[in-house]
Amino acid sequence: MRLGVLDIGSNTVHLLVADVLPGGRPLATTSQRTVLRLMRYLAPDGSITEDGVRALEAAVAQARRVAADEGVDELLATATSAVREATNGADVIARIETALGQPLQVLGGETEARFTFLAVRRWFGWSAGQILLFDIGGGSLELAAGSEELPDVAESVPLGAGRMTVEYLPHDPPGDAEIDALRAHAAEVLAPVASLFSSQPRPDHVVGSSKAIRSLAKLAGYPMPGWTGIERMVLPRASLKAWIPRLARIPAEARQELPGITPDRTFQIVAGAVVLHQAMKAMDVEELEVSPWALREGVLLRYIESLSWSAPQA
């Protein structure tokens, strides 16, 4: 069957369409994104402004049309931290559901981490052993660890790249004092998380998933041959740290000229880099590998598991 996953995040509204069958690998056919950067539409009271809600409605309606044109049998619609934490979230959800024509599943932070961990586990396989996962979105940072299909520990903290840009890096380009303040804030938030994860075994693989981490790996990382023949990207912490002051000195509109930095990430990539570096430091990680699969694939995989299995026809 053909499934669609609509991920309403803090930075984009992203539709992924894939052909699936029980026991098989999802085969993506279409990927359509609308860049919103919802953090720009947050009012002082924490609500999403009317302009922001209308932009959401338009993006969702467009995704619905694309899904229909692509012959999607079922659309799995999810929303993450920006909608979840807005003070007018209930009204926003109702309006999204009207534009969508179906219910919306609002994911909690720990659920986000668990779905993403499932996708990473399936991508790397059982032989990967103990995995430690980092995933940076626009509104939150998810971390998870474990040796099974679902993590033993999963946490979500409000250190998303978009959120931190709005709260700590309001100037373009940001000043040194702003970077230092964000670094100190991230370290403070991550300290208890690192303590919680310290009981986990040393990871066999440290993995980063999300568009922000993929962009940073293309900028500051290097490729290595994968055991499946597919090239994998590795991002060293030292290289990431060296790039932060260079990124911070470049105006946002010029960052898209750098390798891996797409126009929709130019404004929040500095905050993403600072947060990721602090997370790697807090968890005593020297480098991470990049997973091409993340939340949307995790939602797809979990749904595939719920499909009925039937015996092969004679």
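Pairs meeting the criteria (first residue in region 16-29 and touching a residue at least 60 places away in the same chain (Cβ under 8 Å), second residue open to solvent by 60 Å² or more (accessible area, probe 1.4 Å) and of a type in the set (A, V, I, L, M), beta carbons under 8 Å, at least 6 apart or on different chains) are Leu16/Ala28; Ala18/Leu27; Ala18/Ala28; Val20/Met1; Val20/Leu27; Leu21/Met1.
Of all the criteria given as (1) open to solvent by 20 Å² or more (accessible area, probe 1.4 Å); (2) part of a helix (DSSP H, G or I), the one not satisfied by Arg121 is (1). Checking each residue in region 173-205 for being among the basic types (Lys, Arg) and either under 22 Å from the mean Cα position of the chain (by Cα) or more than 18 Å from Gly146 (Cα to Cα) (or both) picks out only Arg183. Kindly check whether there is at least one residue in region 145-159 that is touching a Lys or Arg at 6+ places or on another chain (Cβ under 7 Å), surrounded by 24 or more Cβ atoms within 10 Å (Cβ to Cβ) and not acidic (Asp, Glu). Yes, because at least one residue in region 145-159 is touching a Lys or Arg at 6+ places or on another chain (Cβ under 7 Å), surrounded by 24 or more Cβ atoms within 10 Å (Cβ to Cβ) and not acidic (Asp, Glu).
Condition (residue is touching an Asp or Glu at 6+ places or on another chain (Cβ under 9 Å), part of a loop (DSSP other than H, G, I, E, B) and open to solvent by less than 50 Å² (accessible area, probe 1.4 Å)) applied to region 176-189: is it met by at least one residue? No: zero hits. Would you confirm, using the coordinates I've provided, whether Gln105 is surrounded by fewer than 21 Cβ atoms within 10 Å (Cβ to Cβ) and touching a Gly at 6+ places or on another chain (Cβ under 8 Å)? For Gln105, the condition - surrounded by fewer than 21 Cβ atoms within 10 Å (Cβ to Cβ) and touching a Gly at 6+ places or on another chain (Cβ under 8 Å) - is not met.
Which of the residues that make up region 34-52 are closer than 18 Å to Val166 by Cα and loosely packed, with under 13 Cβ neighbours inside 10 Å? Hits for region 34-52 are Pro44, Asp45, Gly46, Asp51.
Within region 124-144, being in contact with a strand residue (DSSP E or B) (Cβ under 7 Å, 6 or more places away or on another chain), open to solvent by less than 10 Å² (accessible area, probe 1.4 Å) and of a type outside the set (A, V, I, L, M, F, W, C) holds for Ser140, Glu142. Only residues that are under 16 Å from Ile93 (Cα atoms) and open to solvent by 10 Å² or more (accessible area, probe 1.4 Å) were counted in region 53-79, giving 7.
If you check Thr78 against the conditions, is it modelled with pLDDT of 95 or more and closer than 23 Å to Leu159 by Cα?
Criteria met by Thr78.
Among the residues making up region 1-29, none is among the acidic types (Asp, Glu), in contact with a Pro (Cβ under 8 Å, 6 or more places away or on another chain) and surrounded by 16 or more Cβ atoms within 10 Å (Cβ to Cβ).
Among the residues making up region 267-302, a single one is β-branched (Val, Ile, Thr) and closer than 19 Å to Asp19 by Cβ: Val299.
The values are calculated or read from the model by the stated rules, or taken from the named source; none is laboratory data. As the structure is a computational prediction, the values presented were derived from the model and not from experiment. Cβ: placed from backbone, ideal geometry, glycine included. Neighbour counts: every protein chain shown. Side chains are part of the model used for accessible areas, which takes the heavy atoms of the whole protein and leaves out ligands, DNA and RNA. Shrake-Rupley method; radii C 1.70, N 1.55, O 1.52, S 1.80 Å.
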